[in-house]
Structures are given as C-alpha cells and as structure tokens.
Amino acid sequence: MDGLNEITIDRTGLGETGEIYLVNKDGYMITPSRFVDDAVFKQKVDLEHIGAHEHRDEAVMSKNYLGTDVLRVHRFIPEMEWCLVAEIALKEAPAPITRLTNKMFSILADLLVMGSIFSLLISRKITIPIMRLHHGAEEIMKGNLEYKSGTKARDEIVELSRTFDKMAANLGEKTAELEKKVKETEKQVLLTLNIAQDLEESNKRLNKEIKERKRSEEKLRKSEEKYRLLVENVNDGIVISQRDKFIFFNKHFAEMLVYTHDGLFMKDYREVYTGKSVEILMERKRRRD
C-alpha cells in the first residue's frame, strides 16, 4: 500500500483541487485523501455513475465526496475490484489548457518578434549591398569609374558587389585606353588634315606655276613665231653657227648658197665658203673671242 500511496499523493499537474485515489468495491477510499484527514476506509465516495460502464475508461462531470463539481476520470481494476479515480474541480480544469494556450501564444509572439528581427537583419544585409550596387551604377553612369561599392563581408551579394567593382575598374582601364587611342587618332587625323592642307596649297601653287609657265611658253612661242616669220621673210641671209657648223639659217641664206635646208644644216662652213671668205670669217671669230 505504501507504493500505491506514493503514486496517489503525487499530484503533479493537478493544480490546487486535483487528486488521485483508489476506491474499493464498497465505495470507500483505500488511499489518503488530499483534503480529508484519516480518510482511508472511512470516506465514502459516490461512484454511481460508473455502474454499467465500470469497465470503460471515461471522463465525466460529477460531484466529488466534498460536494464540489469536478471533472472525473476513472479506471476499473477488475482483478482487485478497485477503481482508480482522478479528478479536478471544473473551475480549475481549463487552467492547464489556458496555461498551455498562453504559453503557446507567448512562444508564438516570441517567434514572431525573433522572426521580425531576423527578417530585418537579413533584409538589411541584402538591401544595403543592393543599394550600394545601385549607387555604384549611378556613379558609373555619371562617369566616376573609380567608385568602389564592395565590403569585407562574405556572401553572394557582396561577391556580386566586388565583381561589379572589378567590372567598373576594367571599364575604367578600357575607357582610359580608348581615350588614349582616340587622342592618338585625333592627332593622326589632325596631322593628316595638315598634310592634306599642305598638299592642297602645294597643288594650288603648282597649278598656278603651270598656268604661268603655259602663259610664258605661249608668249615665247608667239615671240618665236614672230621672230621666225621675221627671219624667214627678211631679204638678207641670216645664219647661226656653233663649232663651225650651221645650226640655224633662214631660207634666203640657203638660197644664196644654192642649198636646201637639209643639205646645209650642220654642215661645216669651210665646206661652203670660198678660201677668202673663210679667212674673213676666221678673223671675225678671233676678234669676237
């Protein structure tokens, strides 16, 4: 019985009004009562509601041996013809559920708060790098290719930020190289334009010189034509010699010597003139020299 008493006096979870006890087949308590002293085999318990359902385990609402409305659960032990009864006052019965409900709500509220805080931290951890990336894109669009948006943290967003910085740096280097090449190209274009301008000016000067030379040649040709007409039509013989050979003579001079033009051209004058005439010409030549 001491073992049974230890079991029945353990009221864990039964609150202020709950208790567990054994009742014999005559309806008397055979274990101590929580509220009545010296109740063993003295305290009568009304178990009429068990009746035909004595072999069932069920919960019912009834009055206990103190006349208090309770929620009662019983279990019949046929070998001993005993009944194990557990009961708690109706007003206190919902308390565990209420405590459990409140505890669940409290846990749920804590989870919501912790979830909100965690979500806020995660959101900040994600949105701040994204905002930096956005700001970095705006800076690059403004031409600031030296802007850096990376941090020392390690996650996908930050890695993306670092990749973005590398891309911006590479873009800056490529832009600098492109600007250098553009400047070199501009210099080459300017040099080419200067050369083209010089060529154009030289071409203009050359065309002008060609025109002037043509005019001079035309004047010379006209002058030669006039001189030739004059020389050909004069009644005197005109001759020019070089190295004792006739290189120019007019028609009248050839006719005077009874020569054709081809027969007299480049002929040595000593073959044409008489001995006396040769002496006169040689004397004139010595004087002229």
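The rows are residues; the columns are (1) among the aliphatic types (A, V, I, L, M); (2) touching a Cys at 6+ places or on another chain (Cβ under 7 Å); (3) open to solvent by less than 70 Å² (accessible area, probe 1.4 Å); (4) on the phi < 0 side of the Ramachandran plot.
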| position | (1), (2), (3), (4) |
| --- | --- |
| ASN170 | no, no, no, yes |
| ILE195 | yes, no, no, yes |
| ARG213 | no, no, no, yes |
| ASN233 | no, no, no, yes |
| VAL239 | yes, no, yes, yes |
| ILE247 | yes, no, yes, yes |
| GLU255 | no, no, no, yes |
| GLY263 | no, no, yes, yes |
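Name the residue that is nearest to VAL40 (Cα to Cα), counting only residues in the range 65-82 that are open to solvent by less than 60 Å² (accessible area, probe 1.4 Å) and among the aliphatic types (A, V, I, L, M). The extreme case among them is ILE77.
With respect to LYS180, determine if the residue is open to solvent by 80 Å² or more (accessible area, probe 1.4 Å), free of Cβ contacts under 8 Å to residues at least 40 places away in the same chain and under 60 Å from the mean Cα position of the chain (by Cα).
Values: open to solvent by 80 Å² or more (accessible area, probe 1.4 Å): yes; free of Cβ contacts under 8 Å to residues at least 40 places away in the same chain: yes; under 60 Å from the mean Cα position of the chain (by Cα): yes.
Yes; evaluated as a whole, the condition is true for this residue.
Output the residues belonging to the range 101-121 that are open to solvent by 100 Å² or more (accessible area, probe 1.4 Å) and at pLDDT below 80. Once the filter is applied, which keeps residues that are open to solvent by 100 Å² or more (accessible area, probe 1.4 Å) and at pLDDT below 80, the range 101-121 yields PHE118, LEU120, LEU121.
Within the range 229-274, how many residues are among the charged types (D, E, K, R) and assigned to a loop (DSSP other than H, G, I, E, B)? Steps first, please.
Taking the range 229-274 as the starting set, the residues that turn out to be among the charged types (D, E, K, R) are 232, 236, 243-245, 251, 255, 262, 267-268, 270-271.
Subsequent filtering for residues that are assigned to a loop (DSSP other than H, G, I, E, B) retains 236, 243-244, 267.
Of the residues in the range 229-274, 4 are among the charged types (D, E, K, R) and assigned to a loop (DSSP other than H, G, I, E, B).
The values are calculated or read from the model by the stated rules, or taken from the named source; none is laboratory data. Nothing here was measured: the structure is a model prediction, and the numbers come from that model. For neighbour counting, all protein chains shown are included, and Cβ atoms are generated from backbone atoms with ideal geometry for every residue, glycine included. All accessible areas refer to the heavy atoms of the entire protein, side chains included, with ligands and DNA or RNA removed. Shrake-Rupley method; radii C 1.70, N 1.55, O 1.52, S 1.80 Å.
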